[in-house]
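Reviewing the structure listed below.
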Amino acid sequence: MIFVFSFDKKSMPIIGAVAIAFAAALWGIDGVLLRPSLYHLDVAVVVFIEHAIAFCYMAVFLFIERKELKKLNFKDWGSFAWVGLFGGAIGTMAITSALFFVGFIQLSVVILLQKLQPVFAILLAALVLREKPHKNFFIWAIVALVGSYLLAFGFEQPVLSLENKTLIAAGLSLLAAFAFGSSTTFSKRAIHKVNFRVGTYLRFGITTLIMLLIITATNRFDKFAAVAPANIATLLLIAFTTGGVAIFIYYYGLKHVPASKSTIYELAFPITAIILEFAIYGKTLSPGQWLGTALMFLSIYKIVSVKVESQPTQFE
């Protein structure tokens, strides 16, 4: 017996929100349970392999739906190139490097800092998608930055040194926040004309190509020798769960949710990380970091919960 599920237009934003939150929870599992075992590998090699594996099994489906590619013009391809470069290559390398840099000692701090991306997402949504931010946006953006400072350092005075791993990891997390935030906006722009499946295929294909160019330009091929069979097994697991499949689910949700709203549902990412880190490793945040987390969550909620004044966007 075949069951056919249909949803009316009113329910699609809810379905989209659930899909984004579920994908984000998978990313939290990735950061706490899967990625730590890869910390001894070269970051670029890790990012390349996980994207290449995912694209290999997606290539067959992209070929089947290749007619969708005819819908894309030069600007559309530019949007996918941005998503592949920032959301795929730069963002993934930045957050992975940040996690590797702190030795996975403060996973939730790195992941929470990366969730500043709504600030960048909404700024770019205003420029690219013509979604006008609320007048109080900049006030809450400042509150979010104050919260991010407390999250990174608590009530302690930070040591401004290139040897301060927390400081460097925080900087990499902010870079990831910009990369993923901008990717959220350009992903919405990129999948305007094609279905979410093709959007996922192209995202992984372009990122794989970019990472191959980076590895070639920096002559990192010798780094592949350190990749053991156990690492390949982990990367395969990532590609079929928290990597490719999670992005597939995320793009499905993004089709039905405004770019400026999706970031609130992505908070399932750090929430999952905090819960898992406490449950598995018994680690939690300091009082100052909890205050920073509260300020960040409050500001992000305020930033994305206000009504967005949208204007018609010309994608052609």
Exercise. Listed highest first by mean packing, meaning other Cβ atoms within 10 Å per residue, what order do 140-147, 296-303 come in?
Worked result: 296-303, 140-147
For this session: Extending each Cα 7 Å along its Cβ direction at residue 149 and residue 168, get the distance between those two points in nm, one decimal.
Result: 2.4
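When Lys and Arg each count +1 and Asp and Glu each count -1, what net charge do the other residues less than 11 Å away from residue 276, Cβ to Cβ, add up to? Each step should come with its number before you reach the end.
On the way: positive: 283; negative: 30, 277.
With Lys, Arg at +1 and Asp, Glu at -1, the net is -1.
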Seminar exercise, completed: Per the charge dipole of segment 44-85 (beta-carbon charges, Lys/Arg positive, Asp/Glu negative, Cα centre), the residue among 56, 72, 84 reaching farthest to the positive end is 72
Exercise. Too long at a 25 Å Cα-Cα cut-off: which of 71/188; 115/193; 70/261; 67/115; 165/283?
Worked result: 115/193; 70/261; 67/115
Exercise. At residue 11 and residue 290, where each label point lies 7 Å from the Cα along Cα→Cβ, what is the point-to-point distance in nanometres?
Worked result: 4.0
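Over segment 15-308, what relative contact order in percent results from Cα pairs under 8 Å that are six or more residues apart? The partial results should precede the final answer.
On the way: 434 pairs, mean separation 126.9, N = 294.
Relative contact order for segment 15-308 comes out at 43 percent.
By how many nm would the segment from residue 81 to residue 221 grow when fully extended, if each residue of separation counts as 0.36 nm and the alpha-carbon distance is taken off?
Numbers: separation 140, 0.36 × 140 = 50.40 nm, distance 2.39 nm.
Gain in length upon complete extension: 48.0 nm.
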For this session: Quick one: plug the Kirkwood hydrodynamic radius of segment 15-308 (C-alpha pairs) into Stokes-Einstein at 10 °C, 1.306 mPa s, and report D in µm²/s.
Result: 83
Exercise. In sequence order, what are the phi-derived ³J(HN,Hα) couplings for segment 267-274 according to the Karplus relation 6.51 cos²θ - 1.76 cosθ + 1.60 with θ = phi - 60°, rounded to whole Hz, with x for glycine and proline?
Worked result: 5, 4, 4, x, 4, 4, 5, 4
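May I ask you to compute the full-extension gain from residue 73 to residue 298, defined as 0.36 nm times their residue separation minus their alpha-carbon distance, rounded to one decimal in nm?
Working: separation 225, 0.36 × 225 = 81.00 nm, distance 3.93 nm.
Value of the extension gain: 77.1 nm.
Evaluate E = 1/(1 + (r/R0)^6) for residue 56 and residue 139, where r is the Cβ-Cβ distance and R0 equals 45 Å; express this FRET efficiency to the nearest 0.05.
Calculated value: 0.45.
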Problem set entry | Dipole magnitude (debye, nearest 20) for segment 180-227, charges at Cβ of Lys, Arg, Asp, Glu | 260
For this session: Please state the charge dipole magnitude for segment 15-308, taken about the Cα centre, from unit charges on C-beta atoms (+1 on K and R, -1 on D and E), reported in debye and rounded to the nearest 20.
Result: 1160
Exercise. Where does each of 272-280, 24-32 land if you order them by average Cβ count within 10 Å, highest first?
Worked result: 24-32, 272-280
Problem set entry | Inter-label distance, nm, simple model (7 Å from Cα along the C-beta direction), residue 33/residue 233 | 1.6
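The numbers here are math on the coordinates, done by the rules we state, and not lab data. Please read these numbers as outputs of a predicted model, since none were measured by experiment. Backbone-built Cβ (ideal geometry, glycine too); neighbour counts: all protein chains shown.
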